[in-house]
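A.B. asks: This structure is in structure tokens; I'll ask about it shortly.
The values are calculated or read from the model by the stated rules, or taken from the named source; none is laboratory data. Everything numeric in this text was worked out from a predicted model, so none of it was measured. We place every Cβ from the backbone using ideal geometry, glycine too, and count neighbours over all the protein chains shown. Note: accessible area is taken over every heavy atom of the protein model, side chains too, but ligands, DNA and RNA are not part of it. Shrake-Rupley method; radii C 1.70, N 1.55, O 1.52, S 1.80 Å.
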Amino acid sequence: MMFVTKTVMIVDDEPDVLLSVAQILEANHYKAIKAKDGNECLEKLQRQIPDVLLLDIMMPGLATKELVSRIEKDRRLAKIKIIFLTAIHLQEAEEAGLFASKQVVDFIEKPFSVRRMLDTIAKVIKENKL
Amino acid sequence: MDNRHPFACIEREKMKSLILLSAILACVILDVYVTFIMGKEIVYTHFFYIPVILAGVWYYMKAVYVAIFLGAFHVLTTFIFMDFSFSLITLEAVQRAVVFLAVAYLVGFASGEHAKSLLLEEKRRVEEIRKSEEKLRETRDYLNNIIESSTDTITVVDMMGIVRDWNKGAEGVMGYRADEVVGTSNKKFFANPEEADRIMELVEREGEIKDYRTTVVRRDGRGIQITMSAAVLKDKQGVPIGTVRVSRDITKEVVFEERIKAERDNLNLIFESMPDGVYVVSEDYKVEFMNKVLRNEFGNPVGRICHNVFHDREEPCPLCKHLEVMKGKTVRWEWHSRSLGKTYDLIETPLKNIDGTISKLTIFRDVTDRKKADEEIRKLNKKLELKVMDLEEVTRMKTEFLSLTSHELRTPLTPIKAQLEMLHDGYMGIMNEKQENSIEVILRNLKRLDTLINDILDISRIEAGRIRMSFDYMCLNDAVREVINMQEPFAKGKGITITAKLAQLPPIIGDAERLRQVISNLVNNAIKFSKKSATVVVQTRRVGENVMFRITDYGIGISKDDREKLFKPFSQIDTSMGREHGGSGLGLAIAKGIIQACNGKIWVESELGKGSTFFFSIPITQKITEKDVSYIG
């Protein structure tokens with residue numbers, strides 16, 4: 001099993017989604033950090049650096065693309081792996097150029113299945129030896 | 001000169017010596033007679049001069065021998081007569097003999113010299129004759145050579161129509177050798193034998209004919225066209241003895257002329273029947289040709305000045321492109337006649353004449369109606385463009401609306417699903433069986449709602465032509481195997497066996513994800529519509545340059561009418577089926593869109609109550625790159 005608790009930051013403008021994801025993560029022994037938009041995310045990243053970032057697309061305030069590029073530019077945050085968790089169609093996300101960053105490693109479509117989300121996070125952690 | 005030698009011929013030459021001998025003998029007899037019989041010594045010796053002079057004239061210096069002989073004989077007779085004593089008479093005889101000798105010498109010498117000069121002259125004359133004969137022969141050979149080497153036929157025909165001469169050219173053209181035709185009638189050479197008499201008559205009457213055209217027949221029976229020139233041949237007295245004829249084979253020229261004429265006639269016909277106006281004017285603005293359309297309007301103005309004819313002007317028209325065309329340019333321009341209210345499209349081209357001058361060919365077309373129609377079309381196009389833009393905008397808005405709506409629909413679904421799954425998975429404590437069943441029902445329908453949203457989004461993209469494919473080399477069999485593995489539990493639940501017969505296939509270029517979606521849809525349908533405990537057969541194989549997928553079920557089947565609307569959106573044949581079997585009714589429409597995006601075809605064969613077989617095929621080799629992919633038929 002896991003020896004070190006992994007930290008996952010979840011960014012979503014929907015409080016219910018935020019809550020549900022955090023519940024699932026905590027129940028599975030992850031440390032969950034919640035952020036309701038891009039700005040809050042950046043702010044919290046100043047204090048704590050998660051292993052994985054679950055990121056919604058289409059949020060009010062700072063655009064997701066902009067957020068990704070800022071994370072990419074910050075050398076401190078270079079190790080964070082980003083997984084999109086979004087109601088946007090994969091195709092649209094690709095068209096919007098959201099996969100340009102090397103830190104973006106996977107994509108989970110909403111409404112997600114709990115199993116699939118947990119598997120994806122575990123896979124990303126394992127593959128990147130986090 | 002002619003009479004300078006009385007004995008020119010040999011018989012008379014013989015008489016010369018006979019006469020001389022007779023004269024000498026007469027002199028000897030006379031000498032003996034006078035001296036011994038008459039015993040006189042008188043002056044009779046004058047007779048001796050006759051043989052001496054004759055010998056001098058005839059035999060030149062040989063006369064000396066005659067003189068010596070006669071002188072010696074005379075001296076001898078007087079010596080004998082004087083009883084062998086030398087007397088005065090003997091002395092006189094000696095004197096006379098000397099005179100004989102002198103005369104013989106003089107006459108012989110003079111005659112010899114004279115003969116020499118005559119001979120010289122004769123020799124010169126003979127030489128001259130020889131030379132002129134040689135020249136004549138050369139000239140004749142030269143002329144013969146010309147006649148023989150001419151490729152034209154040169155023949156001589158006498159007044160009776162009999163061939164008298166036939167050169168090599170004639171042999172070549174006609175195919176008869178000279179020795180076969182000389183001496184025979186010339187009638188057989190003419191396609192129309194009467195032509196022979198007519199030509200003879202013409203030549204006799206006119207003295208000569210030139211460029212007379214007729215048809216002659218070769219030995220091989222082929223008719224050829226010739227042009228003939230002929231003249232009368234006359235003898236020294238000016239009496240006609242025949243005709244000399246020079247002919248040339250002009251068959252090729254005649255054919256060529258005929259072709260040119262036919263082409264010219266055709267061209268004329270084209271110009272005449274053209275609905276456009278056609279005219280030609282010379283460098284100095286004179287009308288040289290005008291076709292029917294224009295003649296109907298302007299009469300026949302050939303020879304008149306064009307601006308005079310068309311516009312009643314004395315000076316060239318201000319818009320006229322004449323000078324440009326004369327420089328060799330082809331000019332196309334439009335002329336609007338305000339007075340007629342018409343627009344003409346003019347094409348003006350320089351024409352090179354044989355004499356080096358240039359004429360201007362003008363073709364003008366009344367485009368008034370076309371102009372109006374063009375304007376109409378332009379307006380309609382503009383409207384259409386606006387409509388298309390509207391439609392594109394509508395489609396774009398529709399897609400955008402749908403994608404937004406689906407996002408908005410999914411957002412609340414997300415926590416619902418998450419929370420329900422947490423409940424179901426025991427995150428919130430253990431539930432009893434009834435609670436668990438209830439949550440399963442909710443989750444199943446949640447799944448259906450999600451599928452519906454995805455399908456609607458797909459179909460709207462397909463209809464908008466915005467489906468995105470990522471093509472790569474892929475193996476169709478791999479996709480089929482993955483789908484079967486995924487669908488196996490669902491099939492087992494219905495007691496259905498999936499049989500796969502997968503042939504060896506070459507890789508294809510396709511979007512593996514999208515093709516899995518299609519295959520999944522088809523397999524899912526087959527399971528859904530199969531009867532319980534039936535078999536579903538999945539098969540792949542290569543057909544020509546395509547790979548083909550087929551899936552057969554032994555289920556309810558599809559009627560012909562239904563088959564036609566099967567691939568249209570929301571066409572699940574019976575809406576109640578949706579309820580019974582689940583599904584949005586969009587699956588096959590999406591499948592069709594995806595297959596078409598792969599340049600493939602999808603179709604169905606079915607019999608009501610017995611089952612259905614769905615097929616799709618995709619070309620093996622196709623040149624698709626990532627760039628031209630955002631297409632959908």
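A.B. asks: Hey, A:Asn128 hits all of (1) within 14 Å of another protein chain (Cβ to nearest Cβ); (2) touching a strand residue (DSSP E or B) at 6+ places or on another chain (Cβ under 9 Å); (3) not basic (Lys, Arg) but one; which does it fall short on?
C.D. replies: Here A:Asn128 clears every test but (1).
A.B. asks: Right, B:Leu101: of a type outside the set (D, E, K, R) and either over 30 Å from B:Glu13 (Cα atoms) or open to solvent by 50 Å² or more (accessible area, probe 1.4 Å) (or both) or not?
C.D. replies: Answer is yes for this residue.
A.B. asks: Taking the stretch A:4-26 on its own, how many of its residues are away from chain B (no Cβ under 14 Å), out of contact with any His (no Cβ under 8 Å at 6 or more places or on another chain) and surrounded by fewer than 16 Cβ atoms within 10 Å (Cβ to Cβ)?
C.D. replies: 1
A.B. asks: Next question, about the same structure. Given the condition assigned to a helix (DSSP H, G or I), at pLDDT 85 or above and surrounded by fewer than 20 Cβ atoms within 10 Å (Cβ to Cβ), answer yes or no: does some residue in the stretch B:2-14 qualify?
C.D. replies: For the stretch B:2-14, residues assigned to a helix (DSSP H, G or I), at pLDDT 85 or above and surrounded by fewer than 20 Cβ atoms within 10 Å (Cβ to Cβ): absent.
A.B. asks: Is it the case that B:Asp374 is farther than 30 Å from B:Asp284 by Cβ, of a type in the set (Asp, Glu), open to solvent by 80 Å² or more (accessible area, probe 1.4 Å) and modelled with pLDDT of 85 or more? Give the steps one after another, and end with the answer.
C.D. replies: Details: farther than 30 Å from B:Asp284 by Cβ: yes; of a type in the set (Asp, Glu): yes; open to solvent by 80 Å² or more (accessible area, probe 1.4 Å): no; modelled with pLDDT of 85 or more: yes.
No; evaluated as a whole, the condition is false for this residue.
A.B. asks: Going through the stretch B:523-537 one residue at a time, which ones are crowded, with 17+ Cβ neighbours inside 10 Å and either free of Cβ contacts under 8 Å to residues at least 12 places away in the same chain or over 10 Å from B:Gln487 (Cβ atoms) (or both)?
C.D. replies: B:Asn525, B:Lys528, B:Phe529, B:Ser530, B:Ala534, B:Val537
A.B. asks: Right, here's the next one. Among the residues that make up the stretch A:86-96, is at least one of them open to solvent by 10 Å² or more (accessible area, probe 1.4 Å), on the phi > 0 side of the Ramachandran plot and at pLDDT below 90?
C.D. replies: There is no residue in the stretch A:86-96 that is open to solvent by 10 Å² or more (accessible area, probe 1.4 Å), on the phi > 0 side of the Ramachandran plot and at pLDDT below 90.
A.B. asks: Taking the stretch B:188-206, which residues are within 20 Å of B:Lys234 (Cα to Cα) and not hydrophobic (A, V, I, L, M, F, W, C)?
C.D. replies: B:Asp197, B:Arg198, B:Glu201, B:Glu204, B:Arg205, B:Glu206, listed by residue number.
For every residue, the table says whether it meets (1) part of a helix (DSSP H, G or I); (2) hydroxyl-bearing (Ser, Thr, Tyr); (3) surrounded by fewer than 11 Cβ atoms within 10 Å (Cβ to Cβ); (4) away from chain A (no Cβ under 14 Å).
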| residue | (1), (2), (3), (4) |
| --- | --- |
| B:Lys383 | yes, no, yes, yes |
| B:Leu386 | yes, no, yes, yes |
| B:Thr405 | yes, yes, no, no |
| B:Pro412 | yes, no, no, no |
| B:Ala418 | yes, no, no, no |
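A.B. asks: Failed condition for B:Trp333, given (1) without any contact (Cβ under 8 Å) to a residue 60 or more places away in the chain; (2) part of a loop (DSSP other than H, G, I, E, B), with all others met?
C.D. replies: (2)
So that you can scan it fast, the table gives a plain yes or no per residue for (1) assigned to a helix (DSSP H, G or I); (2) over 30 Å from B:Ile199 (Cα atoms); (3) touching a residue at least 40 places away in the same chain (Cβ under 8 Å):
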{"residue": "B:Glu253", "(1), (2), (3)": "yes, no, no"}
{"residue": "B:Val280", "(1), (2), (3)": "no, yes, yes"}
{"residue": "B:Glu283", "(1), (2), (3)": "no, yes, yes"}
{"residue": "B:Phe289", "(1), (2), (3)": "no, yes, no"}
{"residue": "B:Leu294", "(1), (2), (3)": "yes, yes, no"}
{"residue": "B:Asn308", "(1), (2), (3)": "yes, yes, no"}
{"residue": "B:Cys320", "(1), (2), (3)": "no, yes, no"}
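A.B. asks: Taking the stretch B:73-89 as the search range and keeping residues that are in a helix (DSSP H, G or I) and of a type in the set (A, V, I, L, M, F, W, C), which one is most open to solvent (accessible area, probe 1.4 Å)?
C.D. replies: B:Leu88
A.B. asks: What number of residues in the stretch B:216-239 are at positive phi and among the β-branched types (Val, Ile, Thr)?
C.D. replies: Qualifying residue count for the region: 0.
A.B. asks: Scan the stretch B:408-424 residue by residue and report those that are acidic (Asp, Glu) and at pLDDT 90 or above.
C.D. replies: Answer for the stretch B:408-424, where residues must be acidic (Asp, Glu) and at pLDDT 90 or above: just B:Glu421.
A.B. asks: Looking at (1) within 14 Å of another protein chain (Cβ to nearest Cβ); (2) buried (at least 18 other Cβ atoms within 10 Å of the Cβ), can you tell me which one A:His29 breaks?
C.D. replies: (2)
A.B. asks: Oh, and also: Spot the failing condition for B:Tyr344; the list is (1) of a type in the set (Phe, Trp, Tyr); (2) in the same structural domain as B:Ser273 (by TED's automatic domain parsing); (3) open to solvent by 40 Å² or more (accessible area, probe 1.4 Å), and only one is missed.
C.D. replies: Only one criterion is unmet by B:Tyr344, namely (3).
A.B. asks: Moving to a separate point now. Based on this model, can you work out whether B:Glu436 counts as over 21 Å from A:Met59 (Cβ atoms), among the acidic types (Asp, Glu) and more than 9 Å from chain A (Cβ to nearest Cβ)?
C.D. replies: Working: over 21 Å from A:Met59 (Cβ atoms): yes; among the acidic types (Asp, Glu): yes; more than 9 Å from chain A (Cβ to nearest Cβ): yes.
When the stated conditions are applied, B:Glu436 passes them.
A.B. asks: A further question follows. Looking for whichever is under 28 Å from B:Ser273 (Cβ atoms) and open to solvent by less than 40 Å² (accessible area, probe 1.4 Å) here; the options are B:Thr330, B:Thr362. Which one fits? Break it down into steps so the answer makes sense when it comes.
C.D. replies: On the way: B:Thr330 fails: open to solvent by less than 40 Å² (accessible area, probe 1.4 Å).
One residue alone meets the criteria, B:Thr362.
A.B. asks: Sticking with this one: It is to be established whether one or more residues within the stretch B:108-117 are of a type in the set (A, V, I, L, M, F, W, C), under 26 Å from B:Ser17 (Cα atoms), touching a residue at least 24 places away in the same chain (Cβ under 8 Å) and open to solvent by less than 70 Å² (accessible area, probe 1.4 Å).
C.D. replies: Within the stretch B:108-117 (the criterion being of a type in the set (A, V, I, L, M, F, W, C), under 26 Å from B:Ser17 (Cα atoms), touching a residue at least 24 places away in the same chain (Cβ under 8 Å) and open to solvent by less than 70 Å² (accessible area, probe 1.4 Å)), the answer is yes, since at least one residue qualifies.
A.B. asks: If I go through the stretch B:488-522 residue by residue, how many of them are in contact with a strand residue (DSSP E or B) (Cβ under 7 Å, 6 or more places away or on another chain), open to solvent by 20 Å² or more (accessible area, probe 1.4 Å) and closer than 18 Å to B:Gly611 by Cβ?
C.D. replies: The number of residues fulfilling the criteria is 5.
A.B. asks: Within the stretch B:429-465, how many residues are part of a helix (DSSP H, G or I), closer than 18 Å to A:Val114 by Cβ and open to solvent by less than 40 Å² (accessible area, probe 1.4 Å)?
C.D. replies: 4
A.B. asks: Among the helices (runs of 4 or more DSSP H) contained in the stretch A:35-118, which hold 3 or more residues that are in contact with a Gly (Cβ under 6 Å, 6 or more places away or on another chain) and away from chain B (no Cβ under 11 Å)?
C.D. replies: In the stretch A:35-118, there are no helices (runs of 4 or more DSSP H) which contain 3 or more residues that are in contact with a Gly (Cβ under 6 Å, 6 or more places away or on another chain) and away from chain B (no Cβ under 11 Å).
A.B. asks: Among the listed residues B:Phe401, B:Phe490, B:Phe471, identify the single one that is at pLDDT below 90, in the same structural domain as B:Phe570 (by TED's automatic domain parsing) and either of a type in the set (A, V, I, L, M) or farther than 23 Å from B:Ile527 by Cβ (or both).
C.D. replies: B:Phe471
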